[in-house]
Amino acid sequence: MVTETTDPDPRPVHDEQEDPPTVPTAPVRSATHDRDASSSAADDADPGGAEGSGDSGADGDAEGTEGTEDAADVVCPRCGAAGAAGSRFCEECGAPIDGEPDPAAQPDGTGAADELPETPSRPCVRCGGRVADDGYCEECGAPAVSERDHFEVTASPTVGGVCDRGVVHARNEDALALGEAGGVVALVVCDGVSSAPASDAASLAASEAALATLLGGAPGGEREVDAEGAARTSAWAALLTEAAERANEAVVAVPTTHVDDAPSCTYVAAVVDGARVVVASVGDSRAYWLPDRARAVRLTVDDSWAQEMAEMGVHVSQVRGSAHAHAITRWLGADAPELRPRHDTVTVAERGWLLLCSDGLWNYCEDADELGSLVRRHAAEHDGDATATARALVEWANAQGGRDNVTVALARLGG
Amino acid sequence: MAQFTAEVFQNEFLAEGSTDVHAIVRMTATGAGTPEAGPIDAGEVIMIDTSGSMAGASFAAAQHAAQVALDVIEDGTWFAIVGGSHVANRVFPYPNAPSSMVRMEPAARAEAKRAIGMMRAGGGTAMSTWLQLADQLLGLLPPGTKRHAILLTDGKNESEPKHHLTATLERLQGRFRCDARGVGSRYEVAEVREIASALLGSDELIRDPSQIADSFRQMLGESMARGIPEAQLRVWTPQGAQLLFVRQVSPKLDDLTPRRTVVNPLTAGFPTGSWGDESREYHVAVRVPSKPVGSEQLAARVQIVTGDQVRASGLVKAMWSSDANLTARISPEVAHYTGQAELAEAIQQGLAAKAAGDEATATVKLGRAVQLARETGNEEATTRLRKVVDIENEEQGTVRLKRHTDRLDEMALDTVSTKTTRVRR
Ligand SMILES: [Zn+2]
Ligand SMILES: [Zn+2]
């Protein structure tokens with residue numbers, strides 16, 4: 001089924017307002033679009049429509065801000081996603097779109113072609129400098145990167161994240177989605193499995209589908225979590241599992257030409273509801289609770305070959321360096337094993353950072369306490385701003401070699 | 001409408017930990033013969049050495065050459081003739097004329113030829129005074145005028161301390177272009193080179209006075225064809241980088257580094273003077289902080305600018321790689337011009353040592369020059385080296401100094417040392 005691809009496509013925008021209304025306001029992508037013409041028609045018929053309707057609030061917002069769609073769309077040559085006419089890059093996968101737009105949809109005379117304003121390129125993601133027409137920063141010389149290769153999401157000064165291609169990889173297959181609604185914060189990190197094609201599109205679709213589901217649990221949301229006490233924690237855990245299912249469906253729906261190598265990704269998500277933090281994960285992306293004055297707590301257990309070896313009593317040193325060391329044993333995708341997210345819960349009693357990250361970060365800092373120091377050090381240098389701190393951590397990972405995509409999501413908890 | 005293009009030759013791949021990026025950037029102007037907005041105003045000043053040493057055949061030939069040169073100067077061009085000894089004199093327009101420069105037209109041409117014929121040789125040599133007068137004259141012309149001068153001498157700049165000339169050249173930099181010529185065997189190659197280099201012109205040795213006229217004709221013909229009055233080379237380097245050097249490597253070697261001006265904190269500017277249809281190549285070296293393997297970064301933007309308009313831009317890149325096959329390669333262009341720069345240095349140091357009587361150093365340096373000339377395919381240098389040394393083994397650079405050499409041959413070798421050959425393909 002391709003239908004749930006009419007999701008609101010929450011998409012990082014950089015200037016999220018701080019006080020959201022009670023309607024879930026995940027950050028929305030700047031231009032709405034359908035992946036294909038049939039999906040909107042099939043929408044209502046789909047059993048997933050229940051969840052689909054939950055998105056309508058955000059969906060409506062997005063449509064309200066963007067007038068045109070459909071008529072002027074172009075289709076990504078790599079992942080098949082639709083984009084606004086004049087787009088230079090696919091919003092799903094970041095592939096350059098240089099082919100001719102669908103001739104049937106070519107709006108000769110509608111002015112769409114004329115108003116291709118030389119979109120002022122966004123500032124350099126490394127230093128904030130101006131990016132020249134030749135594609136390099138005028139300050140630091142870094143090459144411009146596509147929106148897909150580096151994006152930042154800020155829900156508030158204390159909740160934000162950065163997703164980056166890193167140094168070595170050609171594509172960014174990590175994804176990040178986070179938002180805040182009715183006092184509930186939700187964060188999602190997905191890491192595309194690079195051996196599978198279109199995993200960059202898969203991870204983005206997964207993170208966005210999961211976030212929409214999770215924010216539906218906020219007060220006033222479609223799936224408002226209203227139990228109390230232990231039942232409340234269980235309700236969030238159930239919603240985190242459901243979000244994983246929605247994410248899995250989104251991954252399965254990503255078009256691919258390779259039947260025997262389905263797009264796939266990891267999943268780690270966290271909900272912050274008052275002092276309660278509930279986490280779920282599939283694969284090896286991680287969540288940590290890093291209190292300022294107590295020992296760091298890793299909230300996730302990897303679904304990985306290395307972890308399985310460890311559980312069998314094999315020492316870490318023997319696992320490291322093995323070709324399988326980074327292989328994961330569970331993931332989201334059409335060829336995934338039975339979906340069984342692992343859960344954990346922590347009650348926040350003091351100030352600290354909640355960190356979600358892909359292995360692009362933790363591979364450079366396996367020790368949880370060291371990771372805590374690293375986060376605090378960078379936070380201190382950036383006045384405790386979550387997005388700026390995440391950006392600094394991404395830069396740090398890149399300076400260590402940036403051998404993988406790197407995603408960092410942070411929430412400052414405990415006041 | 002003149003067009004510029006930029007081409008970059010480099011190996012952008014750097015090994016882990018490497019920091020230095022080298023590139024050869026070729027700037028080519030086409031269509032420069034047709035001035036951008038109608039005919040451009042141009043001014044020409046011809047400086048003739050009138051010191052006592054000139055008396056005789058040289059002086060007569062120089063007078064003749066200056067007269068021939070007037071025929072090449074197009075009607076409408078501002079011009080003046082300067083006679084230079086220990087002082088500078090305006091020969092034409094006459095000292096009592098109402099205007100210091102006049103536009104060329106048939107009557108002015110005829111009168112100027114007459115004035116040149118009346119010049120007399122006598123006195124010493126203080127070239128800074130000649131250049132200052134040329135600057136005063138050209139400075140009278142409206143902004144945007146293409147300013148060009150030629151200077152002919154036959155002797156050393158012996159009537160003033162050396163630093164006078166150097167200081168004057170520093171002050172006049174960028175104000176006009178000056179091509180400098182030495183005639184005969186008594187002038188100082190390094191002095192003529194210093195003038196030409198500082199004032200963005202060419203320098204050459206004229207062996208025989210009979211060749212002066214052809215040389216003048218050629219210089220003025222080329223000057224007339226330079227439709228771009230002034231262009232600036234700009235080199236942007238990223239924050240935290242260091243511009244190690246910028247040198248012109250073709251058609252002749254000229255270190256631009258000392259002429260660096262600040263365009264903005266990240267961009268250095270270097271005057272390049274006027275352009276005709278031609279290519280010039282620059283060796284740019286930048287030191288950037290090392291980055292992790294896989295990183296890409298722009299190490300330099302090398303641009304040619306007229307007015308405030310960027311006419312062409314070449315990108316020098318750095319990409320760190322762990323693939324030794326990629327990082328070990330040296331760009332043939334960079335290697336070639338690095339060798340040619342070393343060749344020039346070896347020739348100049350060898351000749352200086354020989355002049356100072358240090359035969360051991362001269363033998364080693366000129367031997368190295370023979371080797372480098374062979375490696376870089378500079379046949380003109382090899383031919384001229386053969387007149388100064390006997391080559392025992394060209395490949396290994398073993399030579400013996402010739403016992404009796406013509407000073408003119410040594411001067412010709414010195415002069416040609418900065419002229420480079422293009423990369424063999
Ligand atoms: Zn795409
Ligand atoms: Zn930058």
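Okay, here's what the table says:
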{"read-out": "Estimated Rh, the stretch B:138-251: Kirkwood, alpha-carbon pairs, angstrom", "value": "16.1 Å"}
{"read-out": "Highest to lowest packing among A:393-400, B:289-296, scored as the average C-beta count within 10 Å", "value": "A:393-400, B:289-296"}
{"read-out": "Gain on full stretching of the segment that runs from residue B:132 to residue B:186 - 0.36 nm per residue minus C-alpha separation", "value": "17.1 nm"}
{"read-out": "For residue B:13, residues with placed amide H under 5 Å, excluding near neighbours", "value": "B:319"}
{"read-out": "Cα→Cβ-extended label distance, 7 Å offset, between residue B:110 and residue B:217, nm", "value": "2.3 nm"}
{"read-out": "Where the Cα pairs of the stretch B:270-355 fall when distances are cut into 5 Å bins, in %", "value": "3, 9, 14, 17, 16, 14, 12, 9, 5, 1, 0"}
{"read-out": "The stretch A:263-415 - Rg and Dmax from Cα coordinates, angstrom", "value": "15.5, 44"}
{"read-out": "Amide proton proximity set for residue B:154, modelled H, under 5 Å, gap of 5+", "value": "B:183"}
{"read-out": "Viscosity 0.692 mPa s, temperature 37 °C, Stokes-Einstein D of the stretch B:317-363 from Kirkwood C-alpha radius, µm²/s", "value": "247 µm²/s"}
{"read-out": "Chain B - Debye-derived log10 I(q)/I(0), Cα point model, q = 0.06, 0.08, 0.09, 0.11 Å⁻¹", "value": "-0.28, -0.49, -0.62, -0.90"}
{"read-out": "Of B:146/B:419; B:354/B:387; B:252/B:365; B:162/B:402; B:113/B:252; B:252/B:402, pairs whose Cα-Cα distance is over 23 Å", "value": "B:146/B:419; B:162/B:402; B:113/B:252; B:252/B:402"}
{"read-out": "Proximal charge balance of residue A:384 [Cβ under 13 Å; K/R count +1, D/E count -1]", "value": "0"}
{"read-out": "Computed P(r) (all Cα pairs; the stretch B:279-425; 10 Å bins; percent)", "value": "10, 32, 23, 20, 13, 2"}
{"read-out": "Reciprocal mean inverse distance between Cα atoms of the stretch A:373-415 - Kirkwood radius, Å", "value": "10.7 Å"}
{"read-out": "Rg over Rh, two decimals, the stretch B:91-179 (C-alpha only, Kirkwood Rh)", "value": "0.98"}
{"read-out": "Using θ = phi - 60° and Karplus 6.51 cos²θ - 1.76 cosθ + 1.60, couplings along the stretch A:276-284 (whole Hz; Gly, Pro as x)", "value": "9, 10, 10, 10, 9, 8, 9, x, 10"}
{"read-out": "Nearest-ten-degree value, helix B:106-117 long axis tilted from longest Cα axis of chain B", "value": "90 degrees"}
{"read-out": "Nearest-0.05 FRET efficiency for residue B:308 and residue B:7, computed from C-beta distance (R0 35 Å)", "value": "0.90"}
{"read-out": "Charge context of residue B:255, other residues only, Cβ under 13 angstrom, K/R +1, D/E -1", "value": "+2"}
{"read-out": "Percent of Cα-Cα distances greater than 23 Å, calculated over the stretch A:150-413", "value": "47 percent"}
{"read-out": "Estimated vicinal HN-Hα couplings, Hz - the stretch B:271-283 in sequence order (Karplus 6.51, -1.76, 1.60; Gly, Pro = x)", "value": "x, 10, x, 8, 10, x, 6, 6, 10, 10, 10, 10, 9"}
{"read-out": "The stretch B:333-416: proportion of alpha-carbon pairs further apart than 22 angstrom, %", "value": "14 percent"}
{"read-out": "Computed FRET value (nearest 0.05) for residue A:342 with residue A:168, which takes r as the C-beta separation and R₀ as 35 Å", "value": "0.75"}
{"read-out": "Distance between modelled label sites at residue B:57 and residue B:87, nm, 7 Å Cα→Cβ extension", "value": "3.2 nm"}
{"read-out": "Rounded to whole Hz, the Karplus (6.51, -1.76, 1.60) HN-Hα couplings of the stretch A:367-375, x for glycine and proline", "value": "7, 4, 5, 5, 4, x, 4, 4, 5"}
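Coordinate-derived values only; no laboratory data. Given the structure is predicted, the values throughout are model-derived calculations rather than measurements. Counting neighbours? That spans all protein chains shown, and the Cβs are built from the backbone with ideal geometry, glycine included.
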